[in-house]
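Okay, so here's the structure we're looking at.
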Amino acid sequence: MLNIILMGPPGAGKGTHAAWIERDYKLPHISTGDMFREAMASGSPLGNKIKEIVNRGDLVNDELTCALVKERLSKPDCAKGYLLDGFPRTIPQAEAWDKIAKEIGREVNLVVNISCPDDILVTRITTRRVCPKCGASYNVLTLKPKKEGICDTCGTPLIQRKDDNEASFKVRLANYYSSTAPLLDFYKKKGLLVDFDGTLAVDALKVQLKKLLASKR
Ligand SMILES: [Zn+2]
């Protein structure tokens, strides 16, 4: 069973690698952003509660976030493993999740951390372009669409996300480091953390990740 938490700063390549791991290993990729959106759209009691908080402009607290992750990971598609992305974000969440995961038999057994130096991340993010329709991601330096400025998949003009500029990105990065650095330690002490070099080309990193996942199966 592969119960994986995927960690790494924004721009390190989590999404890229989550996509093939999900496909090749049939592990549901659960990102907290998607989970919040789905829950709010579902009309479940928990979803409605979260909707109310978000609409008020407040942050969803750890207790509710954990409850939502519990609800999602209790579903049958997670019985053979999962790939969790964007959770836990803080030590209190990680401690709470430890207990809940035990209760529902979904204990984390691997934490994959993709690290990458800031200057490389900044370049990657400020050259990123996304498709507002299908969500496909491109890069004007390394992953150009076939036709400049147009999505290969659906033909929609690509955009640069508003917060994909250097100033906003540095704020996101600082937040990531202040809340996540302690988490890396938390999982290292449990012997679950495996570090990967996010400066590697996608294919090279993929080979290393495949080796690790094969050894854990
Ligand atoms: Zn598209």
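Restricting attention to the stretch 185-196, report how many residues are open to solvent by less than 70 Å² (accessible area, probe 1.4 Å) and in contact (Cβ under 8 Å) with a residue 24 or more places away in the chain. Break it down into steps so the answer makes sense when it comes.
Let us first name the residues in the stretch 185-196 that are open to solvent by less than 70 Å² (accessible area, probe 1.4 Å), namely 186-187, 191-194, 196.
Still in the list and also in contact (Cβ under 8 Å) with a residue 24 or more places away in the chain: 186-187, 192-194, 196.
Looking only at that region, the number is 6.
Can you tell me which residue is modelled with the lowest pLDDT among those in the stretch 156-165 that are more than 19 Å from ILE120 (Cβ to Cβ) and more than 10 Å from the ligand (Cβ to nearest atom)? Talk me through it step by step, then tell me what you get.
Within the stretch 156-165, the first condition is being more than 19 Å from ILE120 (Cβ to Cβ), and the residues that meet it are 156-159, 162.
Right, trim to more than 10 Å from the ligand (Cβ to nearest atom) and you get 159, 162.
Details: ILE159: 96, LYS162: 88.
That would be LYS162.
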Of the residues ILE114, ILE120, ILE91, only one is touching a strand residue (DSSP E or B) at 6+ places or on another chain (Cβ under 9 Å) and touching a residue at least 60 places away in the same chain (Cβ under 8 Å); which? ILE114
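Has the stretch 78-100 got at least one residue that is within 16 Å of the ligand (Cβ to nearest atom) and surrounded by 15 or more Cβ atoms within 10 Å (Cβ to Cβ)? Talk me through it step by step, then tell me what you get.
As a first pass, look at the stretch 78-100 and keep what is within 16 Å of the ligand (Cβ to nearest atom): none.
Checked against the condition, which is being within 16 Å of the ligand (Cβ to nearest atom) and surrounded by 15 or more Cβ atoms within 10 Å (Cβ to Cβ), the stretch 78-100 yields no hits at all.
Within the stretch 123-155, which residues are of a type in the set (D, E, K, R), within 9 Å of the ligand (Cβ to nearest atom) and over 22 Å from GLY13 (Cβ atoms)? Before the answer, list the steps.
So in the stretch 123-155, the residues of a type in the set (D, E, K, R) come out as 124, 128-129, 133, 144, 146-148, 152.
Filter again for within 9 Å of the ligand (Cβ to nearest atom), leaving 133, 152.
LYS133 - this is the single residue of the stretch 123-155 that is of a type in the set (D, E, K, R), within 9 Å of the ligand (Cβ to nearest atom) and over 22 Å from GLY13 (Cβ atoms).
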Checking LEU59 against (1) at pLDDT 90 or above; (2) open to solvent by 10 Å² or more (accessible area, probe 1.4 Å); (3) hydrophobic (A, V, I, L, M, F, W, C), only one condition comes out false. Which one? (1)
Taking only the stretch 34-45 into account, find how many residues are open to solvent by 30 Å² or more (accessible area, probe 1.4 Å) and assigned to a helix (DSSP H, G or I). 8
Taking the stretch 13-26 and keeping only residues that are over 21 Å from ARG89 (Cα atoms) and outside any helix (DSSP H, G or I), one is left with LYS26
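Name the residue that is least open to solvent (accessible area, probe 1.4 Å), counting only residues in the stretch 197-217 that are at pLDDT below 90 and charged (D, E, K, R).
Residues of the stretch 197-217 that are at pLDDT below 90, as a first pass: 201-202, 216-217.
Next cut, charged (D, E, K, R) only: 216-217.
Values: LYS216: 90, ARG217: 179 Å².
Selected residue: LYS216.
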Mind checking which pairs have a first residue in the stretch 147-168 that is open to solvent by 70 Å² or more (accessible area, probe 1.4 Å) and a second that is assigned to a helix (DSSP H, G or I) and within 14 Å of the ligand (Cβ to nearest atom), Cβ under 9 Å, 6 or more apart or different chains? none
Please verify whether PRO132 is surrounded by 15 or more Cβ atoms within 10 Å (Cβ to Cβ) and in a loop (DSSP other than H, G, I, E, B), treating the condition exactly as stated. no
Taking the stretch 169-184 and keeping only residues that are open to solvent by less than 80 Å² (accessible area, probe 1.4 Å) and touching an Asp or Glu at 6+ places or on another chain (Cβ under 9 Å), one is left with PHE169, ARG172, LEU173, LEU184
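The values are calculated or read from the model by the stated rules, or taken from the named source; none is laboratory data. This is a predicted model, so every value here is computed, not measured. Cβ: placed from backbone, ideal geometry, glycine included. Neighbour counts: every protein chain shown. The protein model used for the area step is the full one, side chains on, heavy atoms only, and it has no ligands, DNA or RNA in it. Shrake-Rupley method; radii C 1.70, N 1.55, O 1.52, S 1.80 Å.
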